[in-house]
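First the structure, in the form of structure tokens, and then the observations on it.
The values are calculated or read from the model by the stated rules, or taken from the named source; none is laboratory data. Bear in mind the structure is a predicted one, so any value in this text is a computation, not a measurement. All Cβ positions, even for glycine, are placed from backbone atoms using ideal geometry, and neighbour counts span all protein chains on display. Just the protein is used for accessible areas: all its heavy atoms, side chains included, with ligands, DNA and RNA removed. Shrake-Rupley method; radii C 1.70, N 1.55, O 1.52, S 1.80 Å.
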Amino acid sequence: MADASTTRFEDLRRGDVAQVGGKNASLGELIAHLSQSGVKVPPGFATTARVYRSFLEANGLAPVIAAAIKEYEADARRLAEAGSAIRAAFLKAEWPAADASAIVAAYRQLCDTAGRPEVAVAVRSSATAEDLPEASFAGQQETFLNIRGEAALLDACRCCFASLFTDRAISYRHARGFDHLSIALSIGI
């Protein structure tokens, strides 16, 4: 899975947290250990942290993020201004073609499984540093519900990436000394 763009929930395990975050890895564990007991989990897939990093690199976002955070930390820019600038850069960014194709292909498989041409999905964040002993980032990123269609899915994923830089998330990482660029985001769909 190291270079994969997406992976099905049922193929994930606890050891995959660095690639797909705690939430998505936990869904894989749930499916693996409780489905035989009758616990049902809707089918889905996760984008990997590699996709997030590829998105950053393809759009030159790391310098934008670093500059805005540096200005915020130096009291040269208000938190709301720094966060807004970072999120705006994400929302203008384009998908690397290979990653967009992989997400769309996984969505099409999900639609085929559901027997619907455009199944409605939830788009949920799963940060690679979500549930650490010294900090919990859970609940800081956006969730998007009832997303239908390939274009809407890619837009929701872009918005989910951008939500890694909400004012609350920036402030929380800053207060706990986390490097904003060392955390990656996976998305559960």
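Per residue, how much accessible area does the chain have with a 1.4 Å probe, in Å²?
Working: 9200 Å² over 189 residues.
I get 49 Å² per residue for the chain.
Within the accessible area of the chain, what % is carbon and sulfur when the probe is 1.4 Å and the other protein chains stay in place? Write out the running numbers ahead of the final one.
Numbers: 4710 of 9200 Å².
Whole-percent figure for carbon plus sulfur exposure: 51.
Under a GNM of the chain (C-alpha, springs under 10 Å), which listed residue has the highest mean-square fluctuation: K70, K23, K40?
Judging by the Gaussian network model, the answer is K40.
Per the helix-only calculation at 222 nm, which mean residue ellipticity applies to the chain, given -39500 (n - 2.57) for every DSSP H run of n ≥ 4 and division by its residues, nearest 500 deg cm²/dmol?
Working: 7 runs with 96 residues, N = 189.
Per the formula, -16500 deg cm²/dmol.
Give, in whole angstrom and from largest to smallest, the semi-axes √(5λ) of the equivalent ellipsoid of region 1-58, with λ running over the eigenvalues of the Cα gyration tensor. Write down the numbers at each step before the final one.
Values: eigenvalues 117, 19, 12 Å².
Over the Cα atoms of region 1-58, the ellipsoid semi-axes are 24, 10, 8 Å.
Please check: in the Gaussian network model of the chain (C-alpha springs, under 10 Å), which one of N146, N59, N24 has the largest mean-square fluctuation.
Greatest mean-square fluctuation among the candidates belongs to N146.
For D75, tell me the accessible area in Å² from a 1.4 Å probe, rounded to the nearest 10.
140
Under a crude label model (7 Å from the Cα following the beta-carbon direction), how far is A67 from E29 in nanometres?
Those two pseudo-labels are separated by 4.1 nm.
Can you give the charge dipole size of region 1-104 about its Cα centre, rounded to the nearest 20 debye, using +1 on the beta carbon of Lys and Arg and -1 on the beta carbon of Asp and Glu?
My answer is approximately 220 debye.
Based on the Cα gyration tensor of region 63-173, what are the three equivalent ellipsoid semi-axes, each the root of five times an eigenvalue, rounded to whole Å and given largest first?
Numbers: eigenvalues 186, 53, 24 Å².
One finds semi-axes of 31, 16, 11 Å for region 63-173.
Dipole size in debye (nearest 20) for the chain around its Cα centre, Lys and Arg Cβ +1, Asp and Glu Cβ -1?
Details: 20 positive and 22 negative charges, 52 e Å.
Here the size comes out at about 260 debye.
If you fit an axis through the alpha-carbon atoms of helix 97-114 and take the longest principal axis of the Cα set of the chain, what angle between them do you get, 0 to 90°, nearest 10?
40
Which three lengths, in whole Å and largest first, does the chain cover when its Cα atoms are put on their principal axes?
54, 36, 28
At a Cα cut-off below 28 Å, give the lysines reachable from K92, other chains included and same-chain residues fewer than 8 away excluded.
Candidates past the 8-residue exclusion: K23, K70.
Relative contact order (percent) for the chain, with alpha-carbon contacts under 8 angstrom and 6 or more residues of separation?
Details: 298 pairs, mean separation 53.0, N = 189.
Normalised by residue count, the contact order of the chain is 28 percent.
In a shell of Cβ-Cβ distance under 15 Å around E73, excluding E73 itself, what net charge do Lys and Arg (+1) and Asp and Glu (-1) give? Provide the component values of the computation, followed by the final result.
Values: positive: K70, R77, R78, R173, R176; negative: E71, D75, E81, D167, D179.
Its environment carries a net charge of 0.
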